[in-house]
2 protein chains.
Amino acid sequence: MAGDGKLEDDGHSVPGPGTAGKHPLDMGCLTEILGFHLRMANVAIFQDYQATMAGLSLTPKQFTVLELVGRNPGVVQIDIAELLSMDKATTMALVDRLEARNFLERRTSTIDRRRKDLFLTGEGQTVLQEARDLIAAHEKRFTSRFSAAELDAFIAQLRRIYLSGEGPHGDQEAGNLPERRTRPD
Amino acid sequence: MAGDGKLEDDGHSVPGPGTAGKHPLDMGCLTEILGFHLRMANVAIFQDYQATMAGLSLTPKQFTVLELVGRNPGVVQIDIAELLSMDKATTMALVDRLEARNFLERRTSTIDRRRKDLFLTGEGQTVLQEARDLIAAHEKRFTSRFSAAELDAFIAQLRRIYLSGEGPHGDQEAGNLPERRTRPD
DNA sequence: TATTGTTATACTCTATAACTATA
DNA sequence: TATAGTTATAGAGTATAACAATA
């Protein structure tokens, strides 16, 4: 029903997320744009996450990296970067912050001395477990809106978006992007 | 199946999104965190969006604002801010950029002279329609992975995440967040 | 007194490019 | 020649705080 190619007028009107539709705006084609809904959901979850994690000061991505290093001792930056679709310099900065807070450490690999194996410190392990506990409660506030089957289907659909070989678009001949855009906001 | 409260070891291992699992990492509890999958999907869509919109240099949020102003001539910043869960200063900066590119203009409201009504310029209307066309093609690369029924269900689930009164968590007694975190990354 | 817009400021995230060292 | 990490730099996005104009 949604999406036969063209984005045109459909006159949908949707109340805002916060107050109960004081000034309902016509959302136009936004209602049928998957990326829009995805972004709105992301923002909503982030806000609760932020309130939940205020004491720990760990961004979602920082938590992700701690969890990855915790589960995969000795993992190197380049693999984390690839998994999370980050630039290696971005990954560097991220790891720098976690290292500065003494949550993880770099050790030069004995096998390939270009590589720095990453390990959690004791403090990192502690903060990771605290974060896991807080996030579990935070998650439950959202996942409780779904049955187990619904949640599994939901996650499967999300994975269908981001697990797809090299990405969806065909040839990528453009190569160089003329202007720089930074974040998925 | 996913989520009985505690986040513990489950040993799931998932290949990275790009190359076909060269270094599969143990994702630990990440596999059952809805916010993680949401973020990964968001990043994947953003990357295709970016490649698609390289020529126009419009971020998703900029496009959203243009569409809102186009559909709701005279809408004011504060309403946009509320709908998109943005700070009013952030909204200001966003509108500034669009105004500097001559895509929209501010006119002092005749009814309430504190307010500035927003309108698309001719150029803004042109660029908006170009963006709609590009985004339609971009969207199709993702939505084509789902049947119409699946897509409707998917979007309904996303809306269930972000349309929920004041947000999910109970009392919000904390009020002031001790540290600042900025973006949902 | 409350609301809307505004400015100033600062900090984080991110990417680009160039560099070092290892392989 | 290619890879991993690193540094320097720059730009966008965001929020906080203060302020002005108006209601």
Qualifying helices (runs of 4 or more DSSP H) (wholly inside the range B:75-159; at least 3 residues being in contact (Cβ under 8 Å) with a residue 60 or more places away in the chain): B:122-143
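Go through the range A:56-69 and count every residue that is at the interface with chain B (Cβ under 7 Å from one of its Cβ atoms) and surrounded by fewer than 21 Cβ atoms within 10 Å (Cβ to Cβ).
We begin by selecting, within the range A:56-69, every residue at the interface with chain B (Cβ under 7 Å from one of its Cβ atoms); these are A:57, A:59-61, A:64, A:67-68.
Next, only the ones that are surrounded by fewer than 21 Cβ atoms within 10 Å (Cβ to Cβ) stay: A:57, A:59, A:61, A:68.
So the count comes out to 4.
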The range A:72-107: number of residues that are near DNA strand C (Cβ under 8 Å from one of its atoms) and over 21 Å from A:Leu58 (Cα atoms): 0
Residue within the range A:23-40 that is open to solvent by 20 Å² or more (accessible area, probe 1.4 Å) and more than 23 Å from B:Gln157 (Cβ to Cβ) present: yes
Residue satisfying condition, being modelled with pLDDT of 95 or more and open to solvent by 40 Å² or more (accessible area, probe 1.4 Å), within set A:Ala89, A:Ala156: A:Ala156
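For A:Arg107, state whether it is over 19 Å from B:Met40 (Cβ atoms) and open to solvent by 30 Å² or more (accessible area, probe 1.4 Å).
Numbers: over 19 Å from B:Met40 (Cβ atoms): yes; open to solvent by 30 Å² or more (accessible area, probe 1.4 Å): yes.
Yes, satisfied.
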First in the range A:46-58 and within 17 Å of A:Glu123 (Cβ to Cβ), second anywhere and part of a loop (DSSP other than H, G, I, E, B) and open to solvent by less than 20 Å² (accessible area, probe 1.4 Å), Cβ under 9 Å, 6 or more apart: A:Leu58/A:Phe103
Residues that are out of contact with any Cys (no Cβ under 9 Å at 6 or more places or on another chain) and buried (at least 19 other Cβ atoms within 10 Å of the Cβ), drawn from the range B:118-133: B:Leu118, B:Leu120, B:Gly124, B:Val127, B:Leu128, B:Ala131
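The values are calculated or read from the model by the stated rules, or taken from the named source; none is laboratory data. What you see is a predicted model; the values in this text were computed from it and never measured. Note that we place each Cβ from the backbone using ideal geometry, even for glycine, and neighbour counts take in every protein chain shown. In case anyone asks, the SASA skips ligands and DNA or RNA and just uses the protein heavy atoms, side chains included. Shrake-Rupley method; radii C 1.70, N 1.55, O 1.52, S 1.80 Å.
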